[in-house]
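Some notes on the structure that comes next.
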Amino acid sequence: MRILAIERELPAPAHFPLPDILQEEAAAVWSLVKLNVIRDIWFTTADHCAIIMLECADAAEAQRHLATLPLVRAGQIDFILHELRNYDGFERLFGRGPVEPPVHLHEEPPEY
């Protein structure tokens, strides 16, 4: 399954050794690329946030891999994950109609 991970920066302490950890981060990302876990990685132009395309069984597995990254372990970033499914809109071209999307039940938070 393809998983889209969007980086979210967290507040960093002033004394954080950023250059050292960025070298470690690059090495860890490269390791996940070599394992075919990370398929693509980009930075946004506006705020230089990482956008990562992963290939994993599910979002939980993707989260476990991302948790190994030095910046995640150091509490500097985390990721918002989106499980992706294949686009089914082409079915409309062949008269079969769209495949119904799964129904998502929205749970209300408990009242305290």
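Which one of these is touching a residue at least 24 places away in the same chain (Cβ under 8 Å), in contact with a Phe, Trp or Tyr (Cβ under 8 Å, 6 or more places away or on another chain) and not in a loop (DSSP other than H, G, I, E, B): Ile21, Ile6?
Details: Ile21 fails: in contact with a Phe, Trp or Tyr (Cβ under 8 Å, 6 or more places away or on another chain).
Only one candidate passes the filter, namely Ile6.
Of all residues in segment 45-61, count the ones that are of a type in the set (Gly, Ala, Ser), touching a strand residue (DSSP E or B) at 6+ places or on another chain (Cβ under 8 Å) and more than 13 Å from Glu7 (Cβ to Cβ).
First, the residues of segment 45-61 that are of a type in the set (Gly, Ala, Ser): 46, 50, 57, 59-60.
Within this subset, residues satisfying the condition of being touching a strand residue (DSSP E or B) at 6+ places or on another chain (Cβ under 8 Å) are 50, 59.
Among the residues that remain, those that are also more than 13 Å from Glu7 (Cβ to Cβ) are: 59.
Summing the residues that are of a type in the set (Gly, Ala, Ser), touching a strand residue (DSSP E or B) at 6+ places or on another chain (Cβ under 8 Å) and more than 13 Å from Glu7 (Cβ to Cβ) in segment 45-61 gives 1.
Of all residues in segment 24-40, which are surrounded by 15 or more Cβ atoms within 10 Å (Cβ to Cβ) and outside any loop (DSSP other than H, G, I, E, B)?
If we filter segment 24-40 for residues that are surrounded by 15 or more Cβ atoms within 10 Å (Cβ to Cβ), which is where we start, we get 25, 28-29, 32, 37-38.
Answer for segment 24-40, where residues must be surrounded by 15 or more Cβ atoms within 10 Å (Cβ to Cβ) and outside any loop (DSSP other than H, G, I, E, B): Glu25, Ala28, Val29, Leu32, Ile38.
Tell me, which residue of segment 60-92 that is surrounded by fewer than 17 Cβ atoms within 10 Å (Cβ to Cβ) and in a helix (DSSP H, G or I) is farthest from the chain's Cα centre (by Cα)? It would help to see each step written out before you state the result.
Of the residues in segment 60-92, the ones surrounded by fewer than 17 Cβ atoms within 10 Å (Cβ to Cβ) are 60-61, 64, 67-68, 73, 75, 80, 82-92.
Filter again for in a helix (DSSP H, G or I), leaving 60-61, 64, 73, 89-92.
Values: Ala60: 11, Glu61: 11, Arg64: 11, Arg73: 15, Gly89: 24, Phe90: 26, Glu91: 28, Arg92: 30 Å.
Filtering segment 60-92 for residues that are surrounded by fewer than 17 Cβ atoms within 10 Å (Cβ to Cβ) and in a helix (DSSP H, G or I), the one farthest from the chain's Cα centre (by Cα) comes out as Arg92.
No lab work stands behind these numbers, since they all come straight from the coordinates. Just so you know, these numbers come straight off a predicted model, no measurement behind them. So basically every Cβ, Gly included, is an ideal-geometry build from the backbone, and we count neighbours across all protein chains shown.
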